[in-house]
1. Go through the stretch B:112-130 residue by residue and tally those that are assigned to a helix (DSSP H, G or I), surrounded by 17 or more Cβ atoms within 10 Å (Cβ to Cβ) and touching a residue at least 40 places away in the same chain (Cβ under 8 Å).
2. Could you list all residues from the stretch A:306-316 that are within 11 Å of chain B (Cβ to nearest Cβ) and either surrounded by 21 or more Cβ atoms within 10 Å (Cβ to Cβ) or assigned to a helix (DSSP H, G or I) (or both)?
3. In the stretch B:361-392, how many are under 16 Å from residue B:232 (Cβ atoms) and within 30 Å of the chain's Cα centre (by Cα)?
4. Provide a single number: the residues in the stretch A:201-214 that are crowded, with 17+ Cβ neighbours inside 10 Å and closer than 18 Å to residue A:170 by Cβ.
5. Could you list, in sequence order, all residues of the stretch B:48-75 that are at pLDDT 90 or above, more than 9 Å from chain A (Cβ to nearest Cβ) and part of a helix (DSSP H, G or I)?
6. For the stretch B:131-151, name all the residues that are crowded, with 17+ Cβ neighbours inside 10 Å and either at pLDDT 80 or above or in contact with a strand residue (DSSP E or B) (Cβ under 6 Å, 6 or more places away or on another chain) (or both).
7. Would you tally the residues in the stretch A:105-142 being within 14 Å of chain B (Cβ to nearest Cβ), surrounded by fewer than 24 Cβ atoms within 10 Å (Cβ to Cβ) and either assigned to a strand (DSSP E or B) or under 17 Å from the mean Cα position of the chain (by Cα) (or both)?
């Protein structure tokens with residue numbers, strides 16, 4: 001039987017169902033795993049995604065022809081059954097399950113296996129062929145318990161607030177920022193001071209709240225006076241680093257929440273005071289566990305540490321290969 | 001180890017000097033003397049002899065992590081630091097102990113003489129009782145090289161504050177503290193922080209070196225040239241010759257005792273009056289002039305100093321300062337006064353191995369600038385400018401007066417980036433170390449090809465490195481382990497201090513201290529320099 005999914009110049013393509021998954025060029029029918037910019041792009045005629053990602057997608061892609069599905073809901077397209085299953089990556093993120101004649105393929109998009117109160121947890125879907133990401137596909141990437149990370153963030157914030165300086169935490173505006181907000185609320189950080197969000201983060205917070213995700217109270221910069229600002233936790237996208245927007249905070253301590261912070265050199269390169277290891281992606285053990293849980297005998301690696309993962313899985317006895325994709329590793333490096 | 005690990009994390013988590021001093025103060029307040037002795041040793045730059053060869057460490061760490069060797073290597077490439085790589089990949093410990101730093105050093109030192117299978121068993125047991133930070137530091141203790149943004153000066157200041165005595169006194173006592181082979185203990189640490197008595201800690205010790213600053217402003221900003229004493233900047237090994245109690249010691253600026261490497265200087269030292277300390281430059285001196293640094297390098301490289309070597313490459317000390325005369329510390333006296341004492345000393349003690357660094361007195365900076373152009377033919381690096389009233393300070397401090405180095409501009413060449421390798425430390429996983437090539441005529445077909453001639457990794461900003469890194473990833477031709485060859489597309493202006501013929505290099509030449517001066521985005525690859533341009537810099541007649 002021919003492969004259910006193949007790599008085409010415009011993106012991953014299912015010939016039997018005549019649709020693409022996260023294409024990077026305009027196509028007729030695009031199934032979108034999640035709303036990060038390198039996976040959801042404008043210009044396609046029809047879109048299919050989860051109902052939970054609808055608001056973010058519309059906010060980012062504008063007026064698109066979008067059909068939504070609930071997690072687990074199944075539709076048929078040209079004789080192929082499609083359903084979307086939680087990927088645990090960000091709000092609305094899905095793995096795409098594709099079935100025809102008893103053969104099942106799953107395209108993971110991006111995923112993580114660690115708990116995250118702002119999105120549905122990763123669901124292992126049994127399949128014959130699993131198309132996986134490998135952003136952090138090296139054994140050096142092992143995430144600490146997120147609860148400990150949030151306790152560290154709160155400890156850092158509290159120490160800064162007591163010393164009278166703002167705490168600026170860089171984090172990707174969609175997904176990471178909201179996870180941090182929920183996490184520090186659970187870690188008891190609410191009494192340290194006000195939480196101030198950059199406009200890019202605030203817009204996404206609003207979408208999360210409208211979708212029914214509970215987040216602590218946040219404020220915009222203009223709502224907080226200079227005295228209170230010295231106790232504030234400021235969430236800003238990495239692109240805000242070094243911009244005039246930061247000058248209003250005066251003396252500050254800065255930090256970055258990302259899986260890349262696992263390596264000291266990555267933090268020191270950015271000359272940051274702190275690096276908090278917190279990722280939207282699976283770590284090495286998470287990738288191994290997720291791949292094993294699918295029961296797939298064939299694995300195709302799309303982006304990140306591709307040659308390493310292919311060789312490793314091959315040595316574990318799996319039929320492993322790679323798809324060349326244009327999922328943007330630079331964007332992943334900035335936010336993951 | 002937990003207290004030391006906490007100190008390390010605190011030092012690592014701040015870029016402010018006061019934050020680091022606070023962290024050191026907290027550590028010294030609670031640490032036991034034996035632990036503090038070793039913490040000082042490592043933070044001040046001490047590197048013990050490697051207790052376990054890196055090859056074995058790598059083998060055992062790979063085994064303990066249960067990873068295939070290729071995957072461990074991939075991890076190392078991404079992290080760029082061996083100790084950190086191992087800390088990342090080992091499985092979690094079964095129980096975590098809290099053994100002090102001094103005891104850890106003792107444990108690790110004992111591995112040096114142990115049989116490989118004992119080393120293996122002990123390392124496995126040690127790794128099983130250390131958390132992430134503990135493992136990372138334990139491997140750093142074996143391999144040395146902490147790089148936590150703490151300078152020796154900062155440690156000196158923290159110790160001075162802790163002991164309540166002057167930082168200069170601490171700097172003096174720290175001399176020799178970080179020797180390879182040093183074994184600091186509680187008693188040594190007590191002596192380090194004991195109240196000041198005015199007595200010399202050790203008769204053989206030199207004074208802390210006063211270091212010069214690079215002159216970056218126009219020389220005219222220094223004011224009247226008559227306020228300055230000007231000498232050539234010698235290209236050799238900075239050293240202090242210490243003559244006391246009928247014996248003598250020769251110390252390099254790296255605080256290495258090198259008396260035995262230079263028997264002619266040792267003989268000179270024994271002829272000098274007791275209580276003499278000269279600051280100067282060791283050079284090879286022959287036919288009444290200084291010889292190229294390469295000669296000195298050759299001489300240092302020889303294991304055995306044969307009579308032939310001593311005759312062909314005789315060493316001399318070019319003296320430029322006198323720190324102690326007749327047992328009296330002159331460092332607080334003004335530069336010109338110390339100079340008078342030095343001249344008198346040299347006059348009284350004529351010796352083939354002792355040269356006085358001449359003063360050059362010209363009326364204007366313009367004339368100095370013109371004379372400075374002769375530096376290369378004179379085999380010097382430019383001028384040293386010393387304020388007439390400068391005291392002899394400690395390290396790079398400027399409070400005691402100033403020494404400026406006014407170096408000649410480097411030789412430059414426009415070269416093409418042909419290979420790239422990932423960096424270390426904060427450049428881990430970025431392609432930041434490059435090999436450069438120039439065009440060479442191909443005798444066979446009259447065409448041109450690129451010949452690699454130098455490696456360089458410094459001189460670019462972080463933003464430039466990020467851009468170059470992205471281009472390297474997009475233009476990779478082949479990967480050889482950690483090295484990538486790239487399609488030639490980027491031209492850089494390289495600067496270097498000296499150039500010489502070298503049969504060991506493919507290009508036939510070797511350059512000294514190559515670094516990137518700027519990225520020539522404006523320049524196409526075809527217009528990069530040629531090997532002929534480069535060899536012209538040798539200053540030889542064409543062959």
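The values are calculated or read from the model by the stated rules, or taken from the named source; none is laboratory data. None of these values were measured; they are calculated from a predicted model. Glycine also receives a Cβ, built like all others from the backbone with ideal geometry; neighbour counts cover every protein chain displayed.
1. Of the residues in that region, 4 qualify.
2. To start, the set of residues in the stretch A:306-316 that are within 11 Å of chain B (Cβ to nearest Cβ) comprises A:307-309, A:311-312, A:315-316.
Of everything in the stretch A:306-316, those that are within 11 Å of chain B (Cβ to nearest Cβ) and either surrounded by 21 or more Cβ atoms within 10 Å (Cβ to Cβ) or assigned to a helix (DSSP H, G or I) (or both) turn out to be A:307, A:308, A:309, A:311, A:312, A:315.
3. Total satisfying the criteria: 18.
4. Just the residues of the stretch A:201-214 that are crowded, with 17+ Cβ neighbours inside 10 Å, to begin with: A:201-202, A:204-205, A:207-208, A:211, A:213.
Subsequent filtering for residues that are closer than 18 Å to residue A:170 by Cβ retains A:201-202, A:204-205.
Here the count works out to 4.
5. Taking the stretch B:48-75 as the starting set, the residues that turn out to be at pLDDT 90 or above are B:52-53, B:55-75.
Still in the list and also more than 9 Å from chain A (Cβ to nearest Cβ): B:52-53, B:55-64, B:66, B:69, B:73.
Those that are at pLDDT 90 or above, more than 9 Å from chain A (Cβ to nearest Cβ) and part of a helix (DSSP H, G or I): B:55, B:56, B:57, B:58, B:59, B:60, B:61, B:62, B:63, B:64, B:69, B:73.
6. Passing the criteria: B:133, B:134, B:135, B:136, B:137, B:138, B:139, B:140, B:141, B:142, B:150.
7. Qualifying residue count for the region: 1.
Here is a yes/no grid of residues against (1) within 28 Å of residue B:336 (Cα to Cα); (2) touching a helix residue (DSSP H, G or I) at 6+ places or on another chain (Cβ under 9 Å):
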residue	(1), (2)
B:237	yes, yes
B:274	yes, no
B:288	yes, no
B:300	no, yes
